[in-house]
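Structure record follows, encoded as structure tokens.
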Amino acid sequence: MANGVDERADQLNKNCEIEDAPSTFKAVVWQHFGFPVSRNDKGEKQTDKRQTICKSCRATVAYNSGNTSNMRSHLYITTQKSSEHNNLL
């Protein structure tokens with residue numbers, strides 16, 4: 001798990017439902033992240049607020065109530081990789 005990202009879980013997130021963050025969450029990173037949603041046996045929605053999912057690449061990123069550092073790091077790293085790739089083209 002590097003920078004709060006669990007690469008093994010990424011494959012599981014491809015079809016995962018994502019719930020947007022509440023409108024009271026003002027940090028810009030929330031435009032790119034949401035909370036994973038699962039359904040219990042009764043079909044009721046359950047949101048896991050201990051982790052977030054990147055809306056672009058579906059990576060799972062740890063979230064500790066109010067701390068968006070892991071999400072910011074993920075965006076920075078993926079943006080850097082994307083820029084390096086584009087420079088090679």
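Model label sites at Ser73 and Cys16, defined 7 Å from Cα along the beta-carbon direction, differ in position by 1.7 nm. A Förster distance of 22 Å, applied to the separation of the beta-carbon atoms of Cys57 and Ala27, puts the FRET efficiency at 0.70. Report the paramagnetic label zone for Asp41: residues of the stretch 14-35 whose backbone N is under 14 Å from a point 7 Å from Cα along the Cα-to-Cβ axis. Of the residues in the stretch 14-35, none has backbone N under 14 Å from the label point off Asp41.
Bear in mind that the values in this text are calculations on the coordinates, not laboratory data. Quick caveat: nothing in here was measured; it's all calculated off a predicted structure. Cβ: placed from backbone, ideal geometry, glycine included. Neighbour counts: every protein chain shown.
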